[in-house]
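Read the figures in this text as sums done on the coordinates, not as results from a lab. This structure is a prediction, so every number in the text was calculated from the model and none was measured. Cβ sites come from the backbone with ideal geometry, for glycine too, and all protein chains shown count toward neighbours.
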């Protein structure tokens with residue numbers, strides 16, 4: 001797959017109904033409303049969706065990710081201390097040492113040899129659990145079924161059962177805690193892994209950025225780790241001139257909103273020094289990603305080590321998902 005296809009964002013345009021039964025929202029102002037107006041656009045699929053829910057057993061559907069107030073705030077308070085600036089800053093020496101140990105030799109597979117082990121060890125350390133060799137398999141089985149709803153749900157159900165058993169074996173017998181840990185494990189490493197890979201795709205052929213944190217924000221805008229997110233209409237409303245009914249699925253396309261020319265100057269150009277950058281890649285409103293600071297820290301540390309050398313892309317394997325393109329393999333050589 002050509003890099004140009006990976007870098008291409010969905011077209012920004014009117015709210016439209018898709019062949020897979022959801023309303024697609026792409027303009028910044030409308031995506032922002034969907035993300036922030038939680039009373040009209042709910043995250044609770046189990047409660048508000050009128051469509052069949054093939055992944056009803058998914059623990060993510062009972063986690064912070066898929067709840068509304070007041071349950072959402074109660075869950076957020078339970079683990080908010082894990083992601084305070086002080087708690088995250090304390091992890092920096094350990095993350096740096098691991099990144100330096102992983103990034104060696106004249107060639108590497110960035111996904112399997114750096115991004116996954118770095119992020120998995122970090123999130124497992126936060127949760128106080130050992131790193132399982134099955135973490136990646138469980139994550140891919142749950143998230144891929146979550147996005148495509150394939151007819152064969154065998155791998156999905158096996159992954160859910162094994163992941164639940166893993167956490168219960170660590171002494172976590174409360175269902176709410178297991179669901180929370182599942183969310184933190186899957187989203188906590190998957191988003192960061194994708195952000196690191198996307199950052200290398202954007203920066204590998206660029207001059208060394210003068211301001212690395214600023215460049216990471218531009219990666220978040222230009223090639224976000226999450227292409228879009230679902231919400232469910234709770235009451236009759238109008239969005240972009242379209243009448244929506246309760247129970248309908250709405251997909252807020254963050255990758256498109258981040259390229260809206262009404263908000264971003266020259267939106268299809270990657271500008272590592274962009275200063276005005278109100279991207280929506282970590283969400284907005286009550287569901288703003290609590291691990292955003294940790295994700296930025298891990299990626300900044302890893303990139304600072306990676307960019308000391310002049311890497312080139314040796315091989316690239318991707319797959320298309322309903323909300324974007326996922327990089328399965330990115331091989332680099334010096």
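Structure data summary
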item	result
The stretch 15-57-the stretch 199-224 distance, computed between alpha-carbon centres (Å)	30 Å
Prolate/oblate/rounded call for the stretch 1-95, Cα gyration tensor, a/c under 1.5 rounded	oblate
Residue of 129, 15, 299 that the Gaussian network model of the chain assigns the largest fluctuation, springs spanning Cα pairs under 10 Å	129
For the stretch 3-333: relative contact order, % (alpha-carbon pairs under 8 angstrom, 6 or more apart)	29 percent
Shape category assigned to the chain from the gyration tensor of Cα positions, a/c cut at 1.5	oblate
Rounded FRET efficiency, nearest 0.05, which uses the C-beta distance separating residue 19 from residue 334 and R0 of 45 Å	0.50
Alpha carbon centroid spacing (whole Å) that separates the stretch 250-291 from the stretch 106-134	27 Å
Cα shape, the stretch 230-298, gyration tensor, a/c 1.5 rule	oblate
Choice from 17, 282, 156 with maximal GNM fluctuation in the chain (Cα, 10 Å cutoff)	17
